[in-house]
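Undergrad: Let me begin by handing over the structure; questions about it come next.
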Ligand code: GDP
Ligand code: MG
């Protein structure tokens, strides 16, 4: 299991607000290498599958609806200590609590529409990357 990769999505709010370029710039400036990249859109069904771990949480239906509301950018990223460093780069789930200079503090407006996803473990990074990318789509 690789410990130097994470998976991210630029969520529908950040795409709609024109932040794709700025967010990718923040990510690469922070030292992450892009291994795979895709502009796509989740359906209610695929968003539900992706977030199945949150099925019992009260916001699950809202989350699935939001994540399938518009296009997203999915990516696999590589860097030493990728999971932890990327969570630090994006900031707290609630942008109101996210540290100054973090991606969520700069580009997100609410706890649900919070601009970016970042994997929380090596295992989930592997699962989430496999959800979007075949082996032939990774470089
Ligand atoms: P993350 O790992 O920081 O993205 O946060 P979680 O794994 O706890 O939650 C997954 C995603 O669900 C978050 O990024 C938000 O988009 C959404 N979410 C989390 N908490 C809430 C909430 O209280 N209400 C709503 N509507 N969405 C939430
Ligand atoms: Mg999470």
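Undergrad: Could you list, in sequence order, all residues of the stretch 92-111 that are closer than 12 Å to residue 14 by Cα and within 15 Å of ligand 2 (Cβ to nearest atom)?
TA: Matches in the stretch 92-111: 103, 104, 108.
Undergrad: Which of the residues that make up the stretch 1-54 are at pLDDT below 95 and in contact with a helix residue (DSSP H, G or I) (Cβ under 6 Å, 6 or more places away or on another chain)?
TA: Answer for the stretch 1-54, where residues must be at pLDDT below 95 and in contact with a helix residue (DSSP H, G or I) (Cβ under 6 Å, 6 or more places away or on another chain): 1, 3.
Undergrad: Okay, next question. Condition first: touching a strand residue (DSSP E or B) at 6+ places or on another chain (Cβ under 7 Å) and farther than 23 Å from residue 110 by Cα. Now tell me which residues in the stretch 40-78 satisfy that.
TA: In the first step, residues of the stretch 40-78 are kept if they are touching a strand residue (DSSP E or B) at 6+ places or on another chain (Cβ under 7 Å); the result is 40-42, 71-78.
Listed by number, the residues that qualify are 76, 77, 78.
Undergrad: Now for a separate question. Would you check if there is a residue in the stretch 70-78 being away from ligand 2 (no atom under 16 Å from the Cβ), surrounded by 21 or more Cβ atoms within 10 Å (Cβ to Cβ), more than 18 Å from residue 47 (Cβ to Cβ) and modelled with pLDDT of 95 or more?
TA: Checked against the condition, which is being away from ligand 2 (no atom under 16 Å from the Cβ), surrounded by 21 or more Cβ atoms within 10 Å (Cβ to Cβ), more than 18 Å from residue 47 (Cβ to Cβ) and modelled with pLDDT of 95 or more, the stretch 70-78 yields at least one hit.
Undergrad: Same structure, new question: With the structure loaded, tell me whether residue 27 is in a helix (DSSP H, G or I) and touching a residue at least 40 places away in the same chain (Cβ under 8 Å) or whether it fails that test.
TA: Values: in a helix (DSSP H, G or I): yes; touching a residue at least 40 places away in the same chain (Cβ under 8 Å): yes.
The answer is yes for residue 27.
Undergrad: Do you know which residues across the stretch 41-69 are within 13 Å of ligand 2 (Cβ to nearest atom) and surrounded by 15 or more Cβ atoms within 10 Å (Cβ to Cβ)? It would help to see each step written out before you state the result.
TA: Filtering the stretch 41-69 down to residues within 13 Å of ligand 2 (Cβ to nearest atom) leaves 50-54, 57, 59-60, 63, 67.
Correct list: 50, 51, 60, 63, 67.
Undergrad: Scan the stretch 125-135 and give yes if some residue there is in a loop (DSSP other than H, G, I, E, B), more than 9 Å from ligand 1 (Cβ to nearest atom) and touching a helix residue (DSSP H, G or I) at 6+ places or on another chain (Cβ under 8 Å), otherwise no. Full working, then the answer.
TA: Going residue by residue through the stretch 125-135, those that are in a loop (DSSP other than H, G, I, E, B) are 133-134.
Checking the rest, the ones that are also more than 9 Å from ligand 1 (Cβ to nearest atom) come to 133-134.
Now restrict to residues that are touching a helix residue (DSSP H, G or I) at 6+ places or on another chain (Cβ under 8 Å): none.
No, the conditions are met nowhere in the stretch 125-135.
Undergrad: Restricting the stretch 113-130 to residues that are within 13 Å of ligand 2 (Cβ to nearest atom) and surrounded by fewer than 17 Cβ atoms within 10 Å (Cβ to Cβ), which is nearest to residue 21 (Cα to Cα)?
TA: We begin by selecting, within the stretch 113-130, every residue within 13 Å of ligand 2 (Cβ to nearest atom); these are 114, 116-121, 123-125, 127-128.
Filter once more, so that each one left must be surrounded by fewer than 17 Cβ atoms within 10 Å (Cβ to Cβ): 120-121, 123-124, 127.
Details: 120: 24, 121: 26, 123: 28, 124: 25, 127: 26 Å.
In this case the residue turns out to be 120.
Undergrad: Here's a follow-up. Keeping to the stretch 46-66, report how many residues are within 14 Å of the chain's Cα centre (by Cα) and either under 22 Å from residue 34 (Cα atoms) or not in a helix (DSSP H, G or I) (or both).
TA: Residues flagged as within 14 Å of the chain's Cα centre (by Cα) and either under 22 Å from residue 34 (Cα atoms) or not in a helix (DSSP H, G or I) (or both) within the stretch 46-66 amount to 2.
Undergrad: Of the residues 87, 104, which single one is within 10 Å of ligand 1 (Cβ to nearest atom), in a helix (DSSP H, G or I), in contact (Cβ under 8 Å) with a residue 12 or more places away in the chain and in contact with a helix residue (DSSP H, G or I) (Cβ under 6 Å, 6 or more places away or on another chain)? Can you show your working first?
TA: Numbers: 87 fails: in contact with a helix residue (DSSP H, G or I) (Cβ under 6 Å, 6 or more places away or on another chain).
None of the other options fit; the residue is 104.
The values are calculated or read from the model by the stated rules, or taken from the named source; none is laboratory data. Computed from a predicted structure; not experimentally measured. Heads up, the Cβs are rebuilt from the backbone with ideal geometry, glycines too, and the neighbour counts pull from every protein chain shown.
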